[in-house]
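Enquirer: Here's a structure for you.
The values are calculated or read from the model by the stated rules, or taken from the named source; none is laboratory data. These numbers were taken from a predicted model, which means no experiment stands behind them. Ideal geometry is used to build each Cβ from the backbone, glycine not excepted, and the neighbour counts take in all protein chains shown.
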Amino acid sequence: MSAVPTSATPTSDEERLRELGYTQELARSMSGFSNFAVSFSIVSILSGCLTLYGFGMTTGGPALITWGWPVVGAMTLCVALAMAEICSAYPTAGGLYYWAAKLSPNPKHGPAWSWFTGWFNFIGQVAVTAGVDFGAAFFTNAFLEMQWGFAATPAHTVMIFAVLLVVHGLLNTRGVKLVALLNTVSVWWHVVGVAVIVGALALLPSHHASASFVFTKFVNETGFHNSAYVALLGLLLAQYTLTGYDASAHMTEETQDAARSGPKGIVNSVLVSLVAGWILLLGITFAIQDYDGALGSKTGVPPAQIFLDAIGPTGAKLLLLIVIGAQFFCGMASVTANSRMIYAFSRDGALPGSRIWHRINPRTQTPTAAVWLATGGAFLLGAQDLWNATAYAAVTSVSVIGLYLAYVIPVYLRLRQGDSFERGPWHLGRWSKVIGSVAVGWTVLITVLFMLPTVSPITALSFNYTPVAIGAVLGFAGVWWLVSARHWFTGPKVQNLSPAPESSELETR
């Protein structure tokens with residue numbers, strides 16, 4: 001590996017990274033805003049909210065779409081706050097699995113906590129990438145159908161999905177500066193885009209739905225008769241959207257003032273998304289003209305039909321382009337975060353073929369091989385839509401469960417440490433225990449909830465395969481741990497580095 005030019009003395013970020021056991025390999029060129037922008041782009045209210053809007057229409061309807069968002073948002077904010085406190089103490093690209101190793105109350109058990117946290121994070125990240133780009137493919141296909149009659153079929157959607165993944169892979173191999181620039185554009189695209197969409201839907205339709213419809217109308221098209229159960233299922237729309245903010249932790253080795261910028265990126269991405277997302281959902285729900293017509297739209301995308309009914313074909317196409325652009329930025333950021341997690345996990349030898357996935361491109365200082373593993377894994381998950389119409393819902397559930405289990409394991413371990421936890425410069429003070437306990441309880445609830453059936457009657461095609469996917473990953477990781485990894489995986493491979501030299505450049509390994 002070639003040397004990385006630095007100032008005469010290493011920065012405090014580089015010194016802290018060395019204290020945590022690593023040398024500076026990645027280019028540390030991201031600002032605090034750029035760090036926030038990555039997480040905000042992955043949360044992407046214009047992606048998650050609209051991609052699962054049709055699911056929300058059948059699983060609780062307007063009432064759950066409207067009220068589920070703030071409820072889930074408040075719980076998610078607790079998870080984000082608890083994670084942010086740990087991120088400040090350990091600002092490394094490994095993020096969650098590194099935290100789990102360091103926070104284990106028994107050092108002997110640290111590798112096991114780290115191993116399973118990392119694998120949950122890995123499958124969750126890959127599933128998020130698949131879900132985001134598949135949602136973008138849905139909306140792109142809807143636009144092509146409206147504009148040129150390109151039928152919204154599973155084969156066409158998967159083809160568009162593959163193209164998007166390749167483009168995102170190529171962009172992510174060009175270097176972090178390009179990624180940071182595009183993520184900055186993404187923030188403003190989302191903010192302005194929400195304003196344009198809500199403004200158009202508020203001002204242009206000839207009439208709007210009533211407040212009673214938006215805030216109290218309950219719809220159940222699942223086949224189940226228990227309204228409470230259906231209402232709980234409807235929370236998936238909001239919970240799927242509010243994921244991916246761990247990206248700020250994975251980018252800390254590329255961020256300036258990481259111990260503060262990383263935590264702020266995590267929390268602010270959730271806060272801004274919470275406010276803007278609710279405004280977006282209210283704007284779309286008030287604009288519904290024909291509920292059944294939107295659900296049965298030939299575009300295959302209910303929000304596209306809502307746009308058509310509300311403001312006509314020309315305006316609808318323009319709004320769709322705004323959404324597709326946001327989803328494109330979201331997918332790109334998701335590949336970025338996913339590849340950094342793969343890079344860090346491979347740096348510690350925890351993935352098959354780790355030597356390949358840990359390689360850094362000396363020209364761009366990016367983990368190119370990890371980028372293509374992220375996109376390839378996402379394609380394998382999303383391509384299941386060719387055989388199973390409910391595959392997309394399962395992918396979104398896998399992403400939520402995988403990520404939130406990885407999120408909450410370090411939080412649980414931090415709670416067990418109590419006052420012995422060594423805080424970073426950003427912390428929760430006396431609220432740490434309360435917020436952490438809420439985060440753990442909420443994660444347990446949604447983990448059980450999103451493994452349950454979503455449609456009745458339950459058949460081979462309508463079955464929720466989330467438990468199968470999670471079980472397969474857990475089983476693989478568990479068997480590998482028992483048979484082999486427990487003998488050699490010792491957790492994050494810290495290097496016990498000597499103090500950094502005061503020279504014109506900092507050598508990387």
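Enquirer: Out of contact with any Lys or Arg (no Cβ under 6 Å at 6 or more places or on another chain), touching a residue at least 40 places away in the same chain (Cβ under 8 Å) and under 26 Å from ALA472 (Cβ atoms) - does that describe any residue in the range 142-150?
Expert: No, the range 142-150 contains no residue that is out of contact with any Lys or Arg (no Cβ under 6 Å at 6 or more places or on another chain), touching a residue at least 40 places away in the same chain (Cβ under 8 Å) and under 26 Å from ALA472 (Cβ atoms).
Enquirer: Now, a different point. Given (1) without any contact (Cβ under 8 Å) to a residue 40 or more places away in the chain; (2) farther than 30 Å from MET57 by Cβ, where does GLY441 come up short, assuming only one miss?
Expert: Checking GLY441 against (1) without any contact (Cβ under 8 Å) to a residue 40 or more places away in the chain; (2) farther than 30 Å from MET57 by Cβ, the one that fails is (2).
Enquirer: Just the residues that are in a helix (DSSP H, G or I), surrounded by fewer than 18 Cβ atoms within 10 Å (Cβ to Cβ) and in contact (Cβ under 8 Å) with a residue 40 or more places away in the chain, please, taken from the range 172-183. Spell out how you get there, then give the answer.
Expert: Restricting attention to the range 172-183, the residues satisfying the condition of being in a helix (DSSP H, G or I) are 172, 176-183.
Now drop any that are not surrounded by fewer than 18 Cβ atoms within 10 Å (Cβ to Cβ), which leaves 177-178, 181.
Across the range 172-183, the qualifying residue is only LYS177.
Enquirer: Taking ALA200, is it part of a helix (DSSP H, G or I), surrounded by 14 or more Cβ atoms within 10 Å (Cβ to Cβ) and at pLDDT 95 or above? Full working, then the answer.
Expert: Numbers: part of a helix (DSSP H, G or I): yes; surrounded by 14 or more Cβ atoms within 10 Å (Cβ to Cβ): yes; at pLDDT 95 or above: yes.
Criteria met by ALA200.
Enquirer: Within the range 2-11, identify whether any single residue is part of a helix (DSSP H, G or I) and either modelled with pLDDT under 85 or not aromatic (Phe, Trp, Tyr) (or both), and answer yes or no.
Expert: Checking the range 2-11: not a single residue is part of a helix (DSSP H, G or I) and either modelled with pLDDT under 85 or not aromatic (Phe, Trp, Tyr) (or both).
Enquirer: Pairs under 6 Å by beta carbon, first residue under 16 Å from ALA82 (Cβ atoms) and free of Cβ contacts under 8 Å to residues at least 60 places away in the same chain in the range 99-124, partner in a helix (DSSP H, G or I) and among the basic types (Lys, Arg), six or more apart or different chains?
Expert: Taking only residues 6 or more apart or on different chains, not a single pair turns up.
Enquirer: Hey, any hits in the range 193-207 for a residue that's under 25 Å from the mean Cα position of the chain (by Cα), without any contact (Cβ under 8 Å) to a residue 40 or more places away in the chain and within 27 Å of ARG340 (Cα to Cα)?
Expert: no
Enquirer: Now for a different question. Test ARG423 against the stated conditions and say whether it is in a loop (DSSP other than H, G, I, E, B), of a type in the set (Lys, Arg) and touching a residue at least 40 places away in the same chain (Cβ under 8 Å). Lay out the reasoning, then the answer.
Expert: Details: in a loop (DSSP other than H, G, I, E, B): yes; of a type in the set (Lys, Arg): yes; touching a residue at least 40 places away in the same chain (Cβ under 8 Å): yes.
So ARG423 passes the test.
Enquirer: So which helices (runs of 4 or more DSSP H) stay within the range 215-334 end to end and still have 2 or more residues that are over 26 Å from the mean Cα position of the chain (by Cα) and buried (at least 21 other Cβ atoms within 10 Å of the Cβ)? Let's see the steps before the verdict.
Expert: Working: elements: 227-233, 236-241, 247-250, 258-286, 291-295.
Counting at least 2 such residues, we get no helices (runs of 4 or more DSSP H) at all.
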